[in-house]
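Below is one structure, written out as structure tokens; comments come after it.
The values are calculated or read from the model by the stated rules, or taken from the named source; none is laboratory data. Everything numeric here is computed off the predicted structure, so don't read it as measured data. Glycine gets a Cβ as well: all are built from the backbone with ideal geometry, and neighbour counts include every protein chain shown.
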Amino acid sequence: MAAADTLAALDPARYALPAADLARILSPALVIHLDLVRANLRRMLAHVGTPERWRPHVKTTKTPEVFAELLAAGLRHFKCATLREARVLLETAGGDEALDLLVAYPLLGPALGELGRLTRAYPRARLSVLCEEASSVASIPREVGLFIDLDPGMRRTGIPLGERAAIRALVRAAGGRLRGLHHYEGHLHGELEERREQCFACYRALLALVAELERDGATIPELVTSGTPAFLHALAFEPFRAGPRVHRVSPGTVVFHDARSAEENPGLGLVPAAVLLARVVSRPAQDVVTCDAGSKSLAAEAGDPCALVVGRPELVALTPSEEHLPLQVTAGPAPERGAVLMLVPRHVCPTVNLAEEALLVEGGVVRGTARVRARAHDLLATS
């Protein structure tokens, strides 16, 4: 099902802002609707059943104000990709909060030293990192736990499931620091039923590996699987509920939702909570208008259309340039220059990373701004 179909019922009034606010907003502007964030969190908790089964990836949200909403919803287990995301999340939670945070990235070199310093700075938090080679265990600070990164066929990082000797060697090297297995089936994007069967095949292979490791005497405390495309299938896989180990899914996009997620999972019941406010700046042809949200403010790597216009399905996004997004007018009159448009990104995660600040909206009113503090990367180690 096309994302345009699943988002066609969006009420433009939910995203409208008062004229007094619009008069002072410079576009393009990332707009985060906190009430819609909370609605998505409630819906997600209904899907997972308990906060204990969800380890959301915070690469999507990146702002302390939204991290605070995750914490308020009862979530205490998280994933992140960067040290900056880890630090901002820990700072938001405060030193007294007992978080469990997996840095789901194969850190190397000075980044491992930084992770060790971060772990020591927040002794109540439990920090872990991905690992895929037995020889690298000694370089990881002792305070940091280890998740073995498995490759279920994505060919991005991790040990292929079939390389049993390498996996066993890493289990032995990790010893008591082993906190679980990380299995990200992010390459599975087909139609729902096809994807379900592919996911279930991956999960059966994963549990066969777990059974072998446990027969060898290993203890596997946790299994982490599934981003946004696959998490419903993982939750429906009944064998994950059996056994002494914990299984958690780790979607992060769902907090803000986006057009690609609506296309791949039309039954989630989520609503876009982060949109890009743009204005029409030109009418270069009778059937084309251009707005001020190019690829420097709106992620374009996930394909066309890179965004949908709330309440205006007749405006179809064409390929953007750096500062311009042309829209094909497929029916009716073209919007005038200066018209305000609310864009739902096709891929919201890198769209958020492009913004230095975001507008925070609640009850249809701008409540303030937020720095997107966890965007980008640190460059130098602290010592």
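Does Gly116 satisfy the criteria of being modelled with pLDDT of 95 or more, in contact with a Pro (Cβ under 7 Å, 6 or more places away or on another chain) and part of a helix (DSSP H, G or I)? For Gly116, the condition - modelled with pLDDT of 95 or more, in contact with a Pro (Cβ under 7 Å, 6 or more places away or on another chain) and part of a helix (DSSP H, G or I) - is met.
If you go through region 44-75 and keep only what is among the polar types (S, T, N, Q) and within 29 Å of His377 (Cα to Cα), you end up with Thr60, Thr61, Thr63. Of all residues in region 52-65, at least one satisfies being surrounded by fewer than 18 Cβ atoms within 10 Å (Cβ to Cβ) and touching a His at 6+ places or on another chain (Cβ under 9 Å).
Checking Ala274, Ala285, Ala302 one by one, the residue that is buried (at least 24 other Cβ atoms within 10 Å of the Cβ) and of a type in the set (A, V, I, L, M) is Ala274 and no other. Kindly establish whether Pro110 is at pLDDT 95 or above and more than 21 Å from Val246 (Cβ to Cβ). Here the answer is yes, as Pro110 does meet what is asked.
Being among the polar types (S, T, N, Q) and either modelled with pLDDT under 95 or within 23 Å of Arg260 (Cβ to Cβ) (or both) is the requirement here; does Thr92 meet it? Considered against the rule, which asks whether it is among the polar types (S, T, N, Q) and either modelled with pLDDT under 95 or within 23 Å of Arg260 (Cβ to Cβ) (or both), Thr92 comes out as no.
Only one entry of Val66, Val88 meets the criterion of being assigned to a helix (DSSP H, G or I), farther than 25 Å from Leu181 by Cβ, within 15 Å of the chain's Cα centre (by Cα) and in contact (Cβ under 8 Å) with a residue 12 or more places away in the chain, and that entry is Val66. Residues of region 189-224 that are out of contact with any helix residue (DSSP H, G or I) (no Cβ under 8 Å at 6 or more places or on another chain), assigned to a loop (DSSP other than H, G, I, E, B) and more than 25 Å from Lys79 (Cα to Cα): Glu191, Gly217. Can you find even one residue in region 344-352 that is assigned to a loop (DSSP other than H, G, I, E, B), crowded, with 17+ Cβ neighbours inside 10 Å and in contact (Cβ under 8 Å) with a residue 60 or more places away in the chain? Yes: one or more hits. The residue of region 223-260 that is farthest from the chain's Cα centre (by Cα), among those that are touching a residue at least 40 places away in the same chain (Cβ under 8 Å) and farther than 19 Å from Gly186 by Cα, is Arg245.
Phe231 meets each of the listed conditions (1) touching an Asp or Glu at 6+ places or on another chain (Cβ under 7 Å); (2) closer than 30 Å to Leu207 by Cβ; (3) of a type in the set (A, V, I, L, M, F, W, C) apart from (1). The set of residues in region 128-145 being under 12 Å from Val171 (Cα atoms) and touching a strand residue (DSSP E or B) at 6+ places or on another chain (Cβ under 6 Å) consists of Cys131, Glu132.
Total residues in region 242-268 satisfying the condition of being modelled with pLDDT under 95, surrounded by fewer than 21 Cβ atoms within 10 Å (Cβ to Cβ) and not in a helix (DSSP H, G or I): the figure is 7. Do we find that Leu34 is farther than 14 Å from Gly252 by Cβ and not β-branched (Val, Ile, Thr) in this structure? Yes; evaluated as a whole, the condition is true for this residue. Would you check if Ala98 is in contact (Cβ under 8 Å) with a residue 60 or more places away in the chain, surrounded by fewer than 20 Cβ atoms within 10 Å (Cβ to Cβ), out of contact with any helix residue (DSSP H, G or I) (no Cβ under 6 Å at 6 or more places or on another chain) and of a type in the set (A, V, I, L, M, F, W, C)? Against the criterion (in contact (Cβ under 8 Å) with a residue 60 or more places away in the chain, surrounded by fewer than 20 Cβ atoms within 10 Å (Cβ to Cβ), out of contact with any helix residue (DSSP H, G or I) (no Cβ under 6 Å at 6 or more places or on another chain) and of a type in the set (A, V, I, L, M, F, W, C)), Ala98 does not qualify. Would you confirm whether any residue within region 359-367 is over 20 Å from Asp11 (Cα atoms) and either at pLDDT below 95 or part of a loop (DSSP other than H, G, I, E, B) (or both)? For region 359-367, residues over 20 Å from Asp11 (Cα atoms) and either at pLDDT below 95 or part of a loop (DSSP other than H, G, I, E, B) (or both): absent. Considering every residue within region 225-241, establish whether at least one is crowded, with 16+ Cβ neighbours inside 10 Å and part of a strand (DSSP E or B). For region 225-241, residues crowded, with 16+ Cβ neighbours inside 10 Å and part of a strand (DSSP E or B): present.
Pairs linking a residue in region 311-329 that is without any contact (Cβ under 8 Å) to a residue 40 or more places away in the chain and closer than 20 Å to Asp11 by Cα to a residue that is β-branched (Val, Ile, Thr) and part of a loop (DSSP other than H, G, I, E, B), with Cβ atoms under 7 Å and 6 or more positions apart or on different chains, are Glu314/Thr330; Val316/Thr330.
With the checklist (1) in contact (Cβ under 8 Å) with a residue 24 or more places away in the chain; (2) farther than 24 Å from Met44 by Cα; (3) not polar (S, T, N, Q) in hand, flag the one item Ala208 doesn't pass. With respect to (1) in contact (Cβ under 8 Å) with a residue 24 or more places away in the chain; (2) farther than 24 Å from Met44 by Cα; (3) not polar (S, T, N, Q), Ala208 is out only on (1). Reported count of residues in region 8-33, each being at pLDDT 85 or above and under 24 Å from the mean Cα position of the chain (by Cα), is 9. Starting from residues that are surrounded by fewer than 19 Cβ atoms within 10 Å (Cβ to Cβ) and closer than 16 Å to Leu223 by Cβ, keep the ones in region 160-187 and report whichever is modelled with the lowest pLDDT. Across region 160-187, the extreme among qualifying residues is Gly186.
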